[in-house]
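Have a look at the structure below, then the notes.
The values are calculated or read from the model by the stated rules, or taken from the named source; none is laboratory data. Remember, it's a predicted structure, so these values are computed and weren't measured experimentally. Cβ atoms come from the backbone with ideal geometry, glycine included; neighbour counts cover every protein chain shown. Accessible surface areas use protein heavy atoms only, side chains included; no ligands, DNA or RNA. Shrake-Rupley method; radii C 1.70, N 1.55, O 1.52, S 1.80 Å.
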Amino acid sequence: MSEKIYPVPEDWKNARVDEATYRALYERSMKDPDGFWAEQAQRIEWISPFTTVKRSSFDTHNVSIKWFEDGTTNVAMNCIDRHLPERANQTAIIWEGDDPSVSKHITYGELHDHVCRFANVLKKHGVKKGDRVTIYLPMIPEAAYAMLACARIGAIHSVVFGGFSPEALAGRIEDAQSDVIVTADEGLRGGRRVALKANVDAALEKVEAKSVIVVTRTGAEIDWVPGRDFRYEEEAASVHADCPYAEMGAEDPLFILYTSGSTGKPKGVLHTTGGYLVYTSLTHELVFDYRPGEVYWCTADVGWVTGHSYILYGPLANGATTLMFEGVPNYPSVSRFWDVIDKHGVNIFYTAPTAIRALMAAGEEPVKKSSRKSLRLLGSVGEPINPEAWEWYHRVVGEDRCPIVDTWWQTETGGILIAPLPGATALKPGSATRPLFGVFPEIVDSAGDVLEGACEGNLVIADSWPGQVRTVFGDQERFVQTYFSTYSGKYFTGDGARRDADGYYWITGRVDDVINVSGHRLGTAEIESALVAHEKVSEAAVVGYPHDLKGQGIYAYVTLMEGAHPTEHLRKELVKWVREEIGPIATPDVIQFAPGLPKTRSGKIMRRILRKIAEGEFGSLGDTSTLAEPGVVEELVRGRPAT
Ligand code: 6R9
């Protein structure tokens with residue numbers, strides 16, 4: 001690991017938070033969390049003020065997380081209405097289309113009108129406080145309008161990433177019991193069309209919904225179910241232009257977002273209103289040192305938590321100008337990101353290591369063609385960033401002048417928990433550095449004992465912070481089981497971490513059966529259950545292996561049914577099958593047909609061995625003596641395809 005240190009640049013010493021302020025505020029947040037958060041909560045507007053700041057318990061028998069619970073507010077009011085006196089004519093959203101000649105600016109005033117109309121359309125379709133609305137849209141402004149419209153009337157949105165298959169979409173609609181689906185005729189990414197409405201149609205053959213509201217994006221011809229399907233544009237023209245915001249309790253749900261875990265189906269991570277907004281707004285302002293008037297760009301998709309917290313809610317709560325990009329980094333050319341930065345004068349740029357690695361592979365020339373002189377700060381999120389990619393990002397993209405904030409967090413954490421503050425923290429490439437205010441990380445060993453000083457182990461958080469997940473939608477037991485039972489009384493992140501002598505954290509990756517492919521979280525169990533759903537597959541085991549661009553690739557061991565033959569044709573069919581069951585992000589990189597899987601005598605698959613074989617580390621397979629049939633390992637080693 002790189003031990004190079006990048007001190008805070010001279011011209012950053014006047015940032016919002018310097019080293020002394022960081023230390024003082026962090027200490028205050030630990031000693032007097034109630035006082036600290038009561039003060040921070042004033043950054044948003046409350047309808048009725050809270051009197052209780054925090055009431056939380058991580059006790060396995062009684063997990064409960066509540067922040068500002070007797071206060072009331074509204075997220076859309078905070079993200080829009082509150083800014084109107086000062087910012088009605090300021091751009092809230094810059095939308096950059098997939099086609100580089102298409103973009104538009106939406107002011108806070110216009111955002112207000114769009115969101116009100118969208119809210120009234122939802123109301124017209126019977127959506128009430130607490131109802132779930134599934135949003136399956138591409139990266140178009142209507143995605144933001146729809147999410148904020150839900151927030152405005154107190155409905156709970158469940159955004160499903162547009163890359164998910166009908167099967168995956170159906171599962172999420174069913175779990176959320178959502179009657180209304182918002183989609184588009186098609187999406188457009190990298191010049192290619194994505195058949196969103198057709199996917200919704202296919203999903204609704206499996207589950208029911210009352211209304212499908214279809215935004216027109218490409219104008220493609222699509223199938224239509226009269227009485228169920230409605231054109232958004234026609235609906236919007238038929239409703240009032242104004243819609244009052246609902247008064248919501250701080251602990252009323254804001255959204256559900258499905259994420260993969262180590263077992264079973266994806267979990268509906270539930271976030272609530274007050275604490276989430278306070279936390280995303282604070283972290284957006286401090287981590288990115290956001291200044292009024294600046295253009296801020298996060299390249300995530302709104303289908304992921306990064307899009308929720310740092311394209312939409314955090315930036316808009318701060319009255320920022322946030323850029324929303326429909327396309328991909330390499331269309332029409334690998335200069336696209338840098339061209340967009342110049343076109344819109346982007347000051348703060350936040351992307352994922354997987355994109356950086358892919359663009360790094362294209363060389364410096366496509367970057368150097370652009371000026372990037374507007375850039376002031378760079379950010380990274382989604383997976384550990386390898387020091388080579390960090391150095392390249394810093395030297396080539398940021399021309400050695402822009403600090404990089406490597407932000408560690410999760411769908412469950414709502415916002416960034418560990419990251420540098422650019423005016424306070426010396427940087428070490430590959431380290432997410434130090435905890436933010438009110439965040440109490442600990443590293444524990446497998447027995448649960450807290451390790452001190454420089455150490456390596458599993459990362460837990462010892463106490464609650466306002467942006468934390470409140471429950472798994474409809475399944476509190478699973479919530480407790482997943483996050484609070486491994487290490488009693490602590491939130492378990494599922495990540496491993498190292499802490500160095502300076503107190504810096506280095507996230508080493510997942511320690512559970514979750515893999516991180518291009519920054520997307522996938523449960524190996526999900527891919528396995530997709531594979532065994534195929535009629536020719538009898539058993540499957542999926543592991544991650546190091547992949548140059550994606551961070552981790554998907555390696556699947558597949559055992560076939562009697563009579564089925566391991567052909568190239570079947571391999572392709574299985575790849576296609578998984579894409580259809582889950583979506584293209586779950587495409588297996590390697591499928592190895594295996595006559596048998598290594599199992600213990602009690603029948604447990606020994607994943608440790610499968611991981612080693614996938615990594616090509618045959619010399620370190622460890623103890624195989626407990627295997628029921630030691631011979632299968634040799635066969636797997638012999639049969640391993642080149643990766
Ligand atoms: C925000 C987001 C969460 C998992 C997390 C960890 C990995 C995210 C990281 C990082 C190292 C970083 N992760 N950021 N690892 N350094 N800066 O990505 O949420 O999709 O839920 O993924 O991603 O393994 O546990 P989510």
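Pick from region 513-538 the residues that are open to solvent by 20 Å² or more (accessible area, probe 1.4 Å) and near the ligand (Cβ under 9 Å from one of its atoms): which of them is farthest from T263 (Cα to Cα)? Per the criteria, the residue is G519. If we scan region 396-404, do we find a residue that is buried (at least 23 other Cβ atoms within 10 Å of the Cβ), more than 28 Å from I256 (Cβ to Cβ) and more than 15 Å from the ligand (Cβ to nearest atom)? Yes, that holds for at least one residue.
Does region 541-556 hold any residues that are more than 11 Å from the ligand (Cβ to nearest atom) and open to solvent by 10 Å² or more (accessible area, probe 1.4 Å), and which are they? Those that are more than 11 Å from the ligand (Cβ to nearest atom) and open to solvent by 10 Å² or more (accessible area, probe 1.4 Å): Y545, P546, H547, D548, L549, K550. Only residues that are part of a loop (DSSP other than H, G, I, E, B) and over 25 Å from G171 (Cα atoms) were counted across region 575-621, and they come to 13. Tell me yes or no: at least one residue of region 181-191 is within 26 Å of E110 (Cβ to Cβ) and touching a His at 6+ places or on another chain (Cβ under 8 Å). No. Looking across F230, F255, one residue alone is within 16 Å of the ligand (Cβ to nearest atom), part of a strand (DSSP E or B), surrounded by 15 or more Cβ atoms within 10 Å (Cβ to Cβ) and in contact (Cβ under 8 Å) with a residue 60 or more places away in the chain. It is F255. Of all residues in region 1-50, those satisfying the criterion of being outside any helix (DSSP H, G or I), among the aliphatic types (A, V, I, L, M) and closer than 30 Å to N386 by Cα are M1, I5, V8, A15, V17. The set of residues in region 498-527 that are of a type in the set (D, E) and at pLDDT below 95 comprises D512, D513, E526. With respect to the conditions (1) of a type outside the set (V, I, T); (2) more than 12 Å from the ligand (Cβ to nearest atom); (3) open to solvent by less than 10 Å² (accessible area, probe 1.4 Å), L417 falls short on a single one, namely (2).
Summed over region 212-227, residues that are open to solvent by less than 50 Å² (accessible area, probe 1.4 Å) and within 27 Å of the chain's Cα centre (by Cα) total 5. With respect to Q476, is the statement that it is farther than 30 Å from R336 by Cα, surrounded by fewer than 22 Cβ atoms within 10 Å (Cβ to Cβ) and not hydroxyl-bearing (S, T, Y) true? Spelling it out, Q476 is indeed farther than 30 Å from R336 by Cα, surrounded by fewer than 22 Cβ atoms within 10 Å (Cβ to Cβ) and not hydroxyl-bearing (S, T, Y).
When the test is whether a residue is more than 21 Å from R291 (Cα to Cα), at pLDDT 95 or above, within 21 Å of the chain's Cα centre (by Cα) and away from the ligand (no atom under 16 Å from the Cβ), S464 passes it. Is it the case that T433 is farther than 28 Å from D175 by Cβ, within 24 Å of the chain's Cα centre (by Cα), within 16 Å of the ligand (Cβ to nearest atom) and open to solvent by less than 30 Å² (accessible area, probe 1.4 Å)? Here the answer is yes, as T433 does meet what is asked.
Scanning region 379-393 for residues that are more than 8 Å from the ligand (Cβ to nearest atom) and either acidic (D, E) or open to solvent by less than 10 Å² (accessible area, probe 1.4 Å) (or both) returns G379, E388, A389, W390, E391, Y393.
Within region 342-457, considering only strands (runs of 3 or more DSSP E) that don't extend past its boundaries, which have at least 3 residues that are within 21 Å of G314 (Cβ to Cβ) and touching a strand residue (DSSP E or B) at 6+ places or on another chain (Cβ under 9 Å)?
348-351, 377-381, 404-407
Scanning region 497-505 for residues that are touching an Asp or Glu at 6+ places or on another chain (Cβ under 8 Å) and surrounded by fewer than 23 Cβ atoms within 10 Å (Cβ to Cβ) turns up at least one hit. Sort out which residues of region 66-100 are of a type in the set (V, I, T) and either open to solvent by less than 10 Å² (accessible area, probe 1.4 Å) or more than 26 Å from the chain's Cα centre (by Cα) (or both), and write them in order of number. Within region 66-100, T72, T73, V75, I80, I93, I94 meet the criteria. Counting the residues of region 591-608 that are farther than 15 Å from T559 by Cβ and either open to solvent by less than 20 Å² (accessible area, probe 1.4 Å) or over 34 Å from the mean Cα position of the chain (by Cα) (or both) gives 3. The one condition from (1) surrounded by fewer than 17 Cβ atoms within 10 Å (Cβ to Cβ); (2) in contact with a Gly (Cβ under 9 Å, 6 or more places away or on another chain) that Q481 does not meet is (2). Name the residue that is nearest to the ligand (Cβ to nearest atom), counting only residues in region 293-311 that are out of contact with any Gly (no Cβ under 7 Å at 6 or more places or on another chain) and assigned to a loop (DSSP other than H, G, I, E, B). Only one residue fits best here, namely W304.
Yes/no matrix, rows are residues, columns are (1) over 22 Å from the mean Cα position of the chain (by Cα); (2) over 30 Å from Y276 (Cβ atoms); (3) surrounded by 24 or more Cβ atoms within 10 Å (Cβ to Cβ):
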position: C298; (1), (2), (3): no, no, yes
position: V305; (1), (2), (3): no, no, yes
position: I311; (1), (2), (3): no, no, yes
position: G314; (1), (2), (3): no, no, yes
position: G327; (1), (2), (3): no, no, no
position: R336; (1), (2), (3): yes, yes, no
position: V340; (1), (2), (3): yes, no, no
position: K368; (1), (2), (3): yes, yes, no
position: R376; (1), (2), (3): yes, no, no
